[in-house]
1. Tell me, what is the FRET efficiency for Phe124 and Leu93 to the nearest 0.05, using R0 = 25 angstrom and their Cβ-Cβ distance as r?
2. Given H placed 1.01 Å from N in the peptide plane, which residues other than close sequence neighbours of Gly115 have an amide H under 5 Å from its amide H?
3. To two decimal places, what compactness ratio does the chain give when its Cα radius of gyration is scaled by 2.2 N^0.38 Å?
4. Quick one: if you stick a label point 7 Å off each Cα along the C-beta vector at Val11 and Asn27, how many nm between them?
5. Could you give the DSSP H helices of the chain that reach 20 angstrom or more along their long axis (alpha carbon positions) and whose average Kyte-Doolittle hydropathy is no lower than -1.0?
6. I'd like the FRET efficiency for Lys133 and Arg170, computed as 1/(1 + (r/R0)^6) with the beta carbon distance as r and R0 of 25 Å, rounded to 0.05.
7. Can you run phi through the Karplus equation (6.51, -1.76, 1.60; θ = phi - 60°) for the stretch 135-140 and list ³J(HN,Hα) in whole Hz, with x for Gly and Pro?
8. Around Arg56, which amide H atoms from residues at least 5 apart in sequence, or from another chain, sit under 5 Å from its own amide H, with H modelled in the peptide plane?
Amino acid sequence: MSRLARTFAGVMTRLSVNINKIATLRNARGGNVPDVTRAALDIVRFGAEGITVHPRPDQRHIRYSDVRDIRPRLDVEFNMEGNPIDSFNALVLEVHPEQVTLVPDSADAITSNAGWDTVRCKDFLRQTCARFKAAGIRTSIFIDPVPEMARAAAECGCDRVELYTEAYARHYASGKGREGIAPYVETALAARECGLGVNAGHDLSLDNLGFFIGNIPFVAEVSIGHALISEALYLGLEETIGRYLDILKKNSGQKN
């Protein structure tokens, strides 16, 4: 365990499972197999500490109706992420999740591919964060691993930032994990110095999660979907979630 990890021993990073891919499978065939709401409840039963959904305007995976169905049945954190367009904002205020994560993806994006420019978009983000926080909803802003973006995010009035980890995952897969993690450590520390909590997500997996958390042990929450559901095809959903929880327990220094 690194010196930084030892400093924050006892802080447990929480696992929030993004269930979009389950909805993608259902939508490919029509009907209600697999049942997205049942899957969300099973994921919680298997130990996940949160559920994440990312409803997009075309509803190609999670639908607005899914959000309405799932929300009242959860007894863990519900995290809604998406571009804060009018319809998304209205849905967030209607169902009142514990957390909303603002993501600047376009309507036709296959998946999220960039963080906010929190300097250029500061006025818009400040207004958006204020609206959700007035409703008692924790706000998080999705950012690239750039310390300046974390500092400007704090000026937007958010509670947390979510580090966009695709670049880290790519570096790790090519054997350059140490090089890939460096800007994330710097950005996470900048966020912490500004009083922000730190989340992380995108392309985190059973292979690369331990190294990431071992180097940034004060991450509050990771949101993982595509890799987890893909791994579950081979391992099963319960086993896969258990392995993620073991990695987080080991690398974020939780004491039993």
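1. Plugging the Cβ-Cβ distance into 1/(1 + (r/R0)^6) gives 0.90.
2. Long-range HN contacts for Gly115: Asp144.
3. 0.95
4. So the two model labels end up 3.6 nm from each other.
5. Length and hydropathy pass: 177-193, 237-251.
6. After rounding, the FRET efficiency stands at 0.15.
7. Rounded to whole hertz, the list is 8, x, 9, 4, 10, 10.
8. Result for Arg56 returns His61, Ile62.
Read the figures in this text as sums done on the coordinates, not as results from a lab. Source: prediction; values computed, not measured. Note: ideal-geometry Cβ built from the backbone for every residue, glycine included; neighbour counts use all protein chains shown.
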